[in-house]
Amino acid sequence: MRIHLTSPHRILKISLLMLFTLLLMGCDDTNAPSPQTPKRHQLTELSQKNINAYTNEMVSNYIKIQDQLIQHYQQAKQNKNTFEFIQYRNHAWTPEYISLKNKYSRDFKHNEPFLNGQPSAPLFTIYENLIYIGLDLKNGLLEDDEVRQQSALEAAKKDRELALSIQQQLK
């Protein structure tokens, strides 16, 4: 017994297959934003009226994000769990850092003529440098390179002190 191509059984199978395929495609979330997609911030127009508050916020954010990085690094080092630190750094810390860094980079470019005469201008470089500190901590753990890790921690301490010093100048 031969089934003809237009038999109701065959049409039902093809229809169900197409329906199932469409259902799966409708459930696809490839266009949904990733939970690690950095947030998009609005540009800030800086002036003498808001530069101190902006600088204080920037330093506070820097201290917070640097503390998170160092704290997770120290926990991973103490627990001898390099993988845990790498996962945290790559999937939690970096998206938050990139979001803040991008905000401050855009604000710097938008306000560059104004910022060139401000004591807070070096903060933007400090923010840029933090990604390299995180990379050195990660790679130092991976390669069991104590010198690299200590160098990264010293750079973090120096940048933190500079950020706090800039904040103190504005008081």
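What does the net charge come to around S165 if you take all other residues with beta carbon closer than 15 Å to its beta carbon, with K and R at +1 and D and E at -1?
Result for the local shell: +2.
Net charge near F108, counting Lys/Arg +1 and Asp/Glu -1 over other residues with Cβ under 13 Å of its Cβ?
That works out to 0.
For the stretch 34-171, go through all pairs of different Cα atoms, get the mean of 1/r, take its inverse, and jot down that Kirkwood value in Å.
Every distinct Cα pair counted, the radius reaches 15.8 Å.
Give me the number: length gained by fully extending V147 to H91, i.e. 0.36 nm times residue separation minus the C-alpha to C-alpha distance, one decimal in nm.
Separation in residues times 0.36 nm, less the Cα-Cα distance, equals 17.6 nm.
From the backbone phi of the stretch 117-122, what are the Karplus-calculated ³J(HN,Hα) couplings (6.51 cos²θ - 1.76 cosθ + 1.60, θ = phi - 60°) in whole Hz, Gly and Pro given as x?
Each residue's phi maps through the Karplus curve to give x, 9, x, 7, 3, x Hz.
Can you give the charge dipole size of the stretch 60-142 about its Cα centre, rounded to the nearest 20 debye, using +1 on the beta carbon of Lys and Arg and -1 on the beta carbon of Asp and Glu?
140
What list of ³J(HN,Hα) couplings, whole Hz, do you get for the stretch 47-52 from phi and the Karplus terms 6.51, -1.76, 1.60, once you set θ to phi - 60° and write x for glycine and proline?
8, 4, 6, 10, 5, 5
Residue by residue through the stretch 59-72, what is 3J(HN,Hα) from phi via Karplus (6.51 cos²θ - 1.76 cosθ + 1.60, θ = phi - 60°)? Round to whole Hz and write x for glycine and proline.
Computed from phi, the couplings for the stretch 59-72 are 5, 4, 5, 5, 4, 4, 6, 5, 4, 4, 4, 5, 4, 5 Hz.
Here, each number is a calculation from the coordinates, and none is a lab measurement. A quick note: this is a predicted structure, and the numbers were derived from the prediction, not measured. Cβ atoms come from the backbone with ideal geometry, glycine included; neighbour counts cover every protein chain shown.
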